[in-house]
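Working notes, structure below.
The values are calculated or read from the model by the stated rules, or taken from the named source; none is laboratory data. Just so it is clear, the structure is predicted and the values come from calculations on it, not from any experiment. Every residue, glycine as well, gets a Cβ built from its backbone with ideal geometry; the counts of neighbours run over all protein chains shown. Side chains are part of the model used for accessible areas, which takes the heavy atoms of the whole protein and leaves out ligands, DNA and RNA. Shrake-Rupley method; radii C 1.70, N 1.55, O 1.52, S 1.80 Å.
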Amino acid sequence: MADEPRGTAERIDDLERRRAEAVSEADEAAAAKQHPRGKHTARERIRLLVDEGSFVEVGEFALRRGASFGAEGTPPHGDGVVTGYATVDGRRVCLFSHDFTTFGGSMGEVFGEKVLRIMDMAMKAGCPVIGINDSGGARIQEGVVSLAYYAELSRRNSKASGVVPQISVIMGPCAGGAVYTPALTDFTVMVDRTSRMFVTGPDVVRSVTGESVSAEELGGAEVNGSVSGNAHYVASDEADAFDWVRALLTFLPPNNLTAPPECPAAETAVPATDLDAVVPDSPNRSYDMRRVLAAVLDEGELLEVHSAFAPNILCGFGRLGGHSVGVVANQPLWQSGIIDIDASEKAARFVRFCDAFNIPLLTFADVPGYLPGREQEQRGVIRRGAKLIYAYSEATVPKITVVTRKAYGGGYAVMGSKHLGADVNLAWPTAEIAVMGAEGAVELLHRDELSEAAANGVRDTVRAKLVAEYRATMTTPYVAAERGYVDSVIRPSRTRERLVEALRMLEAKREESPPKKHSTMPL
Ligand code: HXC
């Protein structure tokens, strides 16, 4: 053992030697293993994300304890995770970043203590937590202790939920607790080809079930971004993942007691007059709802979440007159914007996040209803479709809705209708609000009359007349406007100014919910 340093200068030299060993030398060794795999080290990743020079590391001298200490030689400093705090575009964040080169980034006792400490600090300071995950899950050598710390971390994630934003970045072959705990956070980002999320890897799957499956098929970024919906964003590389996280943070408040950040108001990407021509004359033709958003949001910018999952509904963050808004919009380009199970769950989760963090909701409806059929019914479209109704009903942030075209059946009710508590409801003159579309309704209501017309060879003429009558008397937005279900029918090109006014009017909105322990939403 080296002699103990005596004087102050010696002690400072000793500190520098220890720090070099724990940080820079450890990082060099990690780089030698990570770089050939196209991955950065735990500290390089933090540096890629945060403001230059802002990272303050906490716990770099932490060492693994335990009976096997002697047998394994000096245990690595930090115990497989780098923790600390920093700023991102000047905003305070707490971070942890797994070091896959130390025990596979797995969760052990000291690792767990460090992560819990930084989580607790984020809760006390009221700032977002960003976890960079590259880990094999529970550390096999530490048995129940590692499971205990995962459970503790899960409890912290649940406690922090709705209090501070929690963001997970998946940057390696993550398994077990390294995916369960991100699943408890608000946003999960994956990197194409280098990151994977699975409860157990392919080897374990093969030995337990006999199934042979590739790691990419089991938990690749594409699968999780488009099929399971576990990933909110699939990045092209690690730098892109951090760019997305930085962009996301610009819309979010640091905690639930603070208003979202404000920016100077900016012009839209395209002129408002474009909106007067966006809805096609034929109700059967689609259009891109993104065109609408481009003419409404500041700079036409929408940071989409879950863009490849349930593309029939768009969810994302934008700004209106400099204020953060959460946008939920049916996408007529994809299955006519119908709501299915995935769309309901995607949007419900987004609505609840916005509500928890004081971000007003902007809804654009063009929806033929809920997707019917055996597959959806058997997978639980009733229970899972109810989540979106629940989320809108529960939300107390300002809620503003624009019906651009169809708002049929359950689709009308769920997409931010007045009846679910929306504050301002607007409709375009192209809006069709009814139980169902004119064609379907006429076939159902006038079956006998149409059969008789068919016998007389005039079915098409009679049907066209009935459809026109139905449209004029039932689906026109003025029926809803007469009853106050929409506050006004507006020229599409005036949408942005009406939304900006509505948002300003609702700035100080307060709505109390009855006291309760928590809700019992249909999960
Ligand atoms: C200890 C681990 C480890 C683990 C990996 N390593 N996972 N060490 N505990 N859980 C180590 C390996 O031994 C190896 O060490 C190094 O990390 C790299 O691992 P490889 O297997 O060589 O890497 P790769 O081929 O990329 O595969 C990565 C992997 C695979 C898919 C993550 O390692 C794997 O399947 N690991 C086990 C996953 C798992 O089942 N974990 C437990 C889940 S249960 P050397 O020294 O050779 O470099 C759980 C419960 C949580 O997490 C409960 C939450 C509530």
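Taking Cα centre as origin and charging only the Cβ of basic (Lys, Arg, +1) and acidic (Asp, Glu, -1) residues, the dipole magnitude of the chain rounds to 1320 debye.
Across the chain, where is the longest run that never hits GluC sites (Glu not before Pro) in a DSSP loop with at most 11 other C-beta atoms within 10 Å? Display every interim value, and only then the final one.
Details: sites that count: GLU52, GLU211, GLU267, GLU507, GLU511, GLU512.
Here the longest run is 268-506.
Expressed in nm to one decimal, what extension gain is obtained for the pair SER24 and SER228 from 0.36 nm per residue of sequence separation less their Cα-Cα distance?
Fully extending the segment from SER24 to SER228 adds 69.6 nm.
Could you tell me which trypsin sites (Lys or Arg not before Pro) in region 234-291 are loop residues by DSSP with no more than 13 other beta carbons within 10 angstrom of their beta carbon?
On the way: sites: ARG246, ARG285, ARG290, ARG291; in loops: ARG285.
Those satisfying the criteria are ARG285.
Would you kindly work out the equivalent ellipsoid of region 68-160 from its C-alpha gyration tensor and give its semi-axes, the square roots of five times the eigenvalues, largest first in whole Å?
Working: eigenvalues 121, 44, 21 Å².
With the √(5λ) rule applied to region 68-160, the semi-axes are 25, 15, 10 Å.
Inter-label distance, ARG17 to SER282: 8.1 nm, where each label sits 7 Å from its Cα along the C-beta direction. FRET efficiency for the pair LEU523 and ASP274, taken as 1/(1 + (r/R0)^6) with r the Cβ-Cβ distance and R0 = 30 Å, rounds to 0.15. For LYS517, go through the lysines and keep the ones whose alpha-carbon is under 21 Å away, minus same-chain ones fewer than eight residues off. Filter leaves LYS159, LYS387. Calculated over the chain, the projected area of the Cα convex hull averaged across directions stands at 30.4 nm². Rounded to the nearest percent, how much of the accessible area of region 7-249 (1.4 Å probe, protein heavy atoms only) is carbon and sulfur? So the carbon and sulfur contribution to the accessible surface is 55 percent.
Please work out how much length the chain gains when fully extended from MET121 to GLU4, using 0.36 nm per residue of separation minus the C-alpha to C-alpha distance, in nm with one decimal. Provide the component values of the computation, followed by the final result.
Numbers: separation 117, 0.36 × 117 = 42.12 nm, distance 3.32 nm.
Working it through step by step, the gained length comes to 38.8 nm.
Given their separation in residues at 0.36 nm each and the Cα-Cα distance between them, VAL204 and ASP243 gain 10.7 nm when the chain is fully extended. Whole percent per 10 Å bin, from 0 to the bin with the longest distance: what is P(r) over all C-alpha pairs of region 398-499? The percentages, shortest bin first, are 16, 40, 24, 14, 5, 0.
Contact order normalised by length for the chain, with contacts defined as Cα pairs under 8 Å and 6 or more residues apart; what percent is it? The partial results should precede the final answer.
Working: 1047 pairs, mean separation 42.5, N = 523.
It comes to 8 percent, rounded to a whole number.
If you take all other residues with their beta carbon under 14 Å from the beta carbon of LYS124, and give Lys and Arg +1 and Asp and Glu -1, the sum is +3. The helix-based estimate of mean residue ellipticity at 222 nm for the chain, built from -39,500 (n - 2.57) per DSSP H run of four or more residues and divided by its residue count, is -11000 deg cm²/dmol to the nearest 500. Spin-label model, HIS419/ALA183: points 7 Å from Cα along the beta carbon direction are separated by 3.5 nm.
Distance between the pseudo-spin-label points of ALA455 and SER54 (7 Å out from Cα toward the beta carbon): 7.8 nm.
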